[in-house]
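Below you'll find the structure, written out as structure tokens, and then a few comments.
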Amino acid sequence: MTISNDEFFRGVTRRICSSLDIQVAMKRSFDYLQGCLPLDEIYLDIMDSQLGAIRRIVHLAKAEREPAEEIVPLPENIWDWGQSMTEPLILDGRNLSGSSKTMAAIVKLEGNSDLAIPLWMENKLIGTLILRAYGEGRYHQEHAELLSIVVEPFALALSNALSYREVLRLRDNLIDDNRFLNRELFSQVGDAIVGGNSGLRNVMEMARQVAPLANTVLLMGETGTGKEVIANTIHFNSPRKEGPFIKVNCGAIPESLIDSELFGHEKGAFTGATSIKRGRFERANGGTIFLDEIGELPFQAQVRLLRVLQNREIERVGGERPIAVDIRIIAATHRNLESMVSENRFREDLWFRLNVFPIIVPPLRQRKEDVPALTRHFVELKCRELGIANPPGIAPGALIRLTNYAWPGNVRELENLVERELIRHRGGQLRFDTLLPDEQNAVTEAGGGNLEEGPLGLDEVMAAHINKVLDMTEGKIHGPGGAAELLNINPHTLRGRMNKLGIKYGRRKTS
Ligand SMILES: Nc1ncnc2c1ncn2[C@@H]1O[C@H](COP(=O)(O)OP(=O)(O)O)[C@@H](O)[C@H]1O
Ligand SMILES: [Mg+2]
């Protein structure tokens with residue numbers, strides 16, 4: 001051996017530290033080491049304690065074949081023996097006994113010589129470097145001593161490579177999760193706006209108008225009317241659709257946490273702030289932030305929100321400098337913000353800032369024509385969610401009753417009702433007869449007649465029933481919410497029957 005220890009240390013260190021890609025760095029080291037000592041193959045192993053196995057992450061041979069990462073399971077006693085290795089070890093057919101003999105069989109020594117160098121880092125064995133030379137008796141104590149010089153660079157390189165791999169893996173996971181969640185959100189939105197051409201036509205028209213722009217949108221309407229659905233639509237039809245869509249329920253965050261939730265905090269900003277936290281505004285950068293139930297925002301937080309709206313920058317709690325954010329803001333509330341302003345519960349300046357483009361989502365009772373389609377939509381959706389293979393039909397009488405109900409809880413109430421009905425359903429059509437509050441049900445008992453005057457004829461019952469339904473639909477026969485849909489028959493059939501029964505048609509506005 002002609003090379004000095006210093007030169008050897010420098011030569012190896014330069015190569016093993018030459019790339020973050022451990023394969024590349026090992027290949028360079030391998031080429032260099034071949035000039036210094038007997039060497040035909042080199043392995044870099046890590047001890048995977050979860051698998052109880054050696055994970056061979058690099059395997060280079062003279063013959064240039066690079067097999068995929070191998071996993072070599074170890075019996076428990078051999079694992080413990082490997083873990084206790086602190087000094088370089090020479091495995092050689094001529095001096096094997098006990099554990100080293102078992103190990104030689106496991107690593108397929110087969111008449112060759114191995115020099116194994118345990119790589120310790122801060123009192124932890126993170127892996128093993130193994131040099132192999134073909135034939136017996138190739139390694140001696142001087143080789144072991146030479147390699148001992150470069151344990152640290154190898155250990156450091158391995159440890160960095162592992163951290164780097166982990167970071168890449170986490171990053172790929174995050175990118176993948178993000179794509180998945182975005183697609184999920186989008187698919188929930190994409191096909192699911194029922195009534196976009198009927199009861200929600202105006203709302204959808206406004207949403208489409210405003211979506212491509214960057215301005216603030218305020219959605220107003222009772223709870224359960226679909227404000228969040230509209231917010232989704234606006235985001236996913238905007239140029240920001242690939243960016244984040246961050247939702248904040250202003251009523252659900254405890255007042256003491258609002259600032260750090262919305263604006264984030266620096267490490268050490270207060271007790272418990274053990275690391276940096278990005279707030280929701282920062283997370284929404286490049287996308288949209290949806291401030292739901294904005295009316296519940298405490299007064300102090302309103303001041304800070306106003307500042308964000310004005311300056312488009314935020315300041316983390318405990319932060320020294322403002323951070324610019326590129327966000328679109330959509331706010332929603334079921335409250336009457338204007339009267340909250342006059343009661344001094346909502347800041348007037350904030351109200352002006354938010355009220356640039358208000359969209360009012362009407363309550364379901366003002367768009368009853370959507371009830372049948374929504375009901376069918378939820379039957380299908382909930383069957384999928386509940387794993388019901390064959391969605392049951394809906395009894396026509398039930399649709400009439402549902403349409404006639406006042407829906408104080410709006411679309412959400414209908415959604416919940418359908419779900420409950422499906423869970424309780426025991427075959428046949430869905431009747432919804434035990435679930436609806438029945439103050440409204442009287443209307444549907446069409447053609448009951450007054451029995452004292454004798455029973456009505458079937459035609460009379462039918463005519464009375466059709467008339468009642470026509471009253472409900474204000475004379476509408478065709479299309480969503482029309483009488484034909486409610487009665488679950490073809491509109492032409494209905495007209496034919498009305499002709500026969502002498503029921504006049506044409507829109508009769510009941511005002
Ligand atoms: N037009 C619609 N089409 C389909 N589903 C709707 C529609 N409007 C509301 N929903 C559903 O009803 C529920 C309540 O809507 P949501 O947007 O949360 O109401 P809000 O935010 O106004 O309280 C949600 O599950 C939503 O998916
Ligand atoms: Mg909501």
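Just so it is clear, none of the values below were taken in a lab; they were calculated from the coordinates. Being a predicted model, the structure only gives us computed values, none of them experimental. Here Cβ is always computed from backbone atoms with ideal geometry, including for glycine, and neighbour counts include all displayed protein chains.
Once a ≥ b ≥ c are taken as the square roots of the eigenvalues of the Cα gyration tensor of the range 1-92, is the result rounded (a/c under 1.5), prolate (a/b larger than b/c) or oblate (a/b not larger than b/c)? The shape class here is prolate.
FRET efficiency for the Val72 to Asn5 pair, using the beta carbon distance and R₀ = 35 Å, is estimated at 0.60. When both bridge partners sit in the chain, DSSP labels roughly 65% of those beta bridges antiparallel. Arranged from fewest to most other beta-carbon atoms within 10 Å of their beta carbon, Met206, Met85, Met26 become Met85, Met206, Met26. Peptides 383-396, 148-161, 364-377, 334-347 ranked from most to least packed, by the mean per-residue count of other Cβ atoms within 10 Å: 364-377, 148-161, 334-347, 383-396.
Computed with the Debye formula from one identical point scatterer per Cα of the range 365-437, without solvent, the log10 of I(q)/I(0) at q = 0.15, 0.16, 0.17, 0.24 Å⁻¹ comes to -0.43, -0.49, -0.55, -1.14. A full extension of the chain between Ala214 and Ala252 corresponds to an added length of 11.0 nm, given 0.36 nm per residue minus the alpha carbon distance. Radius of gyration (Cα atoms) of the chain, expressed as a multiple of 2.2 N^0.38 Å: 1.56. Residues whose amide H lies under 5 Å from that of Ile360, counting only those 5 or more places away or on a different chain, are Met220; hydrogens are built 1.01 Å from N in the peptide plane.
Rounded if a/c is under 1.5, else prolate if a/b beats b/c, else oblate: with a ≥ b ≥ c from the C-alpha gyration tensor eigenvalues square-rooted, which is the range 67-209?
Numbers: a/c = 4.87, a/b = 3.56, b/c = 1.37.
Prolate is the answer for the range 67-209, as a/c is 1.5 or above and a/b outweighs b/c.
Go through Lys247/Lys267; Lys468/Lys500; Lys227/Lys247; Lys476/Lys500; Lys468/Lys504 and tell me which ones have a Cα-Cα distance over 22 Å in this structure. Table pairs above 22 Å Cα-Cα are Lys247/Lys267. Once you sort the root eigenvalues of the Cα gyration tensor of the range 249-362 as a ≥ b ≥ c, which label holds: rounded (a/c under 1.5), prolate (a/b larger than b/c) or oblate (the other case)? Prolate, since a/c reaches 1.5 and a/b exceeds b/c. Sparse packing (at most 14 other Cβ atoms within 10 Å of the Cβ) combined with a DSSP loop state is found for the following GluC sites (Glu not before Pro) in the range 109-182: Glu110, Glu122, Glu136.
For Lys108, give me every one of the lysines with a C-alpha distance below 20 angstrom, ignoring sequence neighbours fewer than eight places off in its own chain. The qualifying lysines are Lys62. Computed from phi, the 3J(HN,Hα) profile of the range 242-259 under the Karplus parametrisation 6.51, -1.76, 1.60 (θ = phi - 60°) reads 7, x, x, 10, 10, 9, 10, 8, 4, x, 9, 9, x, 3, 5, 9, 4, 4 Hz, with x in place of Gly and Pro. For the pair Val24 and Ile106, a Förster radius of 41 Å applied to the C-beta separation gives a FRET efficiency near 0.90, rounded to the nearest 0.05. Each label point was placed 7 Å from the Cα along the Cα-to-Cβ direction; for Glu242 and Arg307 their separation is 3.4 nm. With both labels modelled 7 Å from their Cα along Cα-to-Cβ, the Val356 to Gln34 distance reads 6.6 nm.
Between the amide H of Leu430 and those of Gly393, Ile394, Ala395, distances stay under 5 Å, these residues lying 5 or more places away or on another chain, with hydrogens modeled in the peptide plane. Residue-wise HN-Hα couplings along the range 414-423, as the Karplus relation 6.51 cos²θ - 1.76 cosθ + 1.60 with θ = phi - 60° gives them from phi, are 5, 4, 5, 4, 4, 4, 4, 4, 5, 5 Hz; Gly and Pro carry x.
The ranking of Phe290, Phe30 from fewest to most other beta carbons within 10 Å of each one's beta carbon is Phe30, Phe290. Our coupling estimate for the range 129-139, obtained by passing each phi through the Karplus curve with A = 6.51, B = -1.76, C = 1.60 and θ = phi - 60°, is 9, 10, 9, 10, 10, 6, x, 8, x, 8, 9 Hz, Gly and Pro reported as x. Straight-line cross-link reach from Lys277 at under 19 Å between alpha-carbon atoms covers these aspartates and glutamates, not counting any fewer than eight positions away in the same chain: Glu255, Asp259, Glu261, Glu266, Glu313, Glu315, Glu320, Asp326.
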